Amino acid sequence: QVQLVESGGGLVQPGGSLRLSCVLPGSIVSLYAMGWYRQAPGKQRELVASISTPGNTHYSNSVEGRFTISRDNVKKTVYLQMNSLKPEDTAVYYCRATLSAYDYWGQGTQVTVSS
């Protein structure tokens, strides 16, 4: 069982930045396909960004050019750098790690963009 530990959420003003972190203790993070998802109140959970095992990245249209997903294999951590934040980015953000039949989720971290 892999436990994902997320951090970095909080309250930020529109136009501000946050960096989310997702740690996979005891795991070889490069073996996993990683993704960041978010779920706003009353909405379905949606994929925000992903990074494959070779390092290919994918972004949703709504965050393309503003968010960057990256991976530090030594620190066993995946990051989501979020810039130019908008109120519509407000949601609980979840980290996901998949490897073959294994599928793990973090507990979520709240991001609130408001003035």
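In region 19-35, the residue that is surrounded by the most Cβ atoms within 10 Å (Cβ to Cβ) out of those that are out of contact with any Asp or Glu (no Cβ under 9 Å at 6 or more places or on another chain) and part of a strand (DSSP E or B) is Met34. The set of residues in region 31-73 that are more than 22 Å from Val2 (Cβ to Cβ) and not small (Gly, Ala, Ser) comprises Pro41, Lys43, Gln44, Glu46, Tyr59, Asn61, Val63, Glu64, Arg66, Phe67, Thr68. Please work out if Leu99 is touching a residue at least 40 places away in the same chain (Cβ under 8 Å), farther than 12 Å from Trp36 by Cα and in contact with a Phe, Trp or Tyr (Cβ under 9 Å, 6 or more places away or on another chain). Spelling it out, Leu99 is indeed touching a residue at least 40 places away in the same chain (Cβ under 8 Å), farther than 12 Å from Trp36 by Cα and in contact with a Phe, Trp or Tyr (Cβ under 9 Å, 6 or more places away or on another chain).
Sub-7 Å Cβ pairs linking a first residue in region 57-71 that is modelled with pLDDT of 95 or more to a second residue that is in a loop (DSSP other than H, G, I, E, B), at least 6 apart or interchain, are Arg66/Asn83; Arg66/Ser84, ordered by first then second residue. The lone criterion from (1) under 23 Å from Gly16 (Cα atoms); (2) open to solvent by less than 20 Å² (accessible area, probe 1.4 Å); (3) assigned to a strand (DSSP E or B) left unmet by Leu47 is number (2). The set of residues in region 74-115 being surrounded by fewer than 12 Cβ atoms within 10 Å (Cβ to Cβ) and not in a strand (DSSP E or B) consists of Val74, Pro87, Glu88, Ser100, Ala101, Gln107, Ser114, Ser115.
The values are calculated or read from the model by the stated rules, or taken from the named source; none is laboratory data. Not measured: the values here are computed from a predicted model. Glycine gets a Cβ as well: all are built from the backbone with ideal geometry, and neighbour counts include every protein chain shown. Side chains included, ligands, DNA and RNA excluded: accessible areas come from the protein's heavy atoms. Shrake-Rupley method; radii C 1.70, N 1.55, O 1.52, S 1.80 Å.
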